[in-house]
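The values are calculated or read from the model by the stated rules, or taken from the named source; none is laboratory data. If you're wondering where the values come from, they're calculated on a predicted model, not measured in any experiment. Because the Cβ atoms are built from the backbone with ideal geometry, glycine has one as well, and the counts that use them run over all protein chains shown.
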Amino acid sequence: MLKRILIVFVVAIASLSLAASVLAQQKPAAPEKPAAPEKPAAKEEKPAAKVEEKTAKGEVVKVSAKPRSIVVKVEGKEVTFSVPKKSAVKAGEKKIKLTDLKAGDQVEIKYTEKKGKNIAKSVSKLEAPAKPAEPAKPAKPAEPAKPEKK
C-alpha cells in the first residue's frame, strides 16, 4: 500500500511539473500585442493634427501688460488674444513693445487656437487709413452784373 501511495505521489508531481513548463512557454496574452502598434498610430495622428494659423484684422480696444494680452474688435466682436513674449509686435518693419499699441490702432494678428485660447504669433500695427478729403465747397453764385452808369 505504501508503494501505491508513493507511485500516485510521483505521478502527481510529474504532471504538475509538466503543466508548469507548458504554461511558462505560452505566448503573452493577445491584448498586450496590439498595445505596441497603437503607440506608433498615436504618433502618426499628431502630425496630421497640424495647428492652423489664422489671421484677424481689427481695432485695438485694450492692451494689457500683465498678462500680456490684447483685445481687438474683429467684425463687430471683441476678441482677446494672449501675446507670448516670443511673439513679434511690429509697426511696419520696426519692432515695438506691446504697450506701444493704443486703443483705436488698427492691427493684424496672426494666431493659433490652443485649448480654447487665441495665442498670437505676431501683431502688426497697420497704417492709419488716410482721411478722405473734404468735398469742395460750392462756389458762391455770381452776382448779376450792374448796369453801367453814363
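Brief remarks on what is shown
- Scan of the range 48-73 for residues that are assigned to a loop (DSSP other than H, G, I, E, B) and under 17 Å from the mean Cα position of the chain (by Cα), ordered by number: Ala49, Lys50, Val51, Glu52, Glu53, Arg68
- Number of positions in the range 52-73 that are modelled with pLDDT under 90 and either in contact with a Gly (Cβ under 6 Å, 6 or more places away or on another chain) or more than 14 Å from Asn118 (Cβ to Cβ) (or both): 2
- Cβ pairs under 6 Å, 6+ apart, first in the range 89-118 and in contact (Cβ under 8 Å) with a residue 12 or more places away in the chain and closer than 15 Å to Lys57 by Cα, second assigned to a strand (DSSP E or B) and of a type in the set (Phe, Trp, Tyr): Ile109/Phe81; Tyr111/Phe81; Asn118/Phe81; Asn118/Tyr111
- Candidate set from the range 74-98 (those that are of a type in the set (Gly, Ala, Ser) and either assigned to a loop (DSSP other than H, G, I, E, B) or surrounded by fewer than 10 Cβ atoms within 10 Å (Cβ to Cβ) (or both)); member that is modelled with the lowest pLDDT: Gly92
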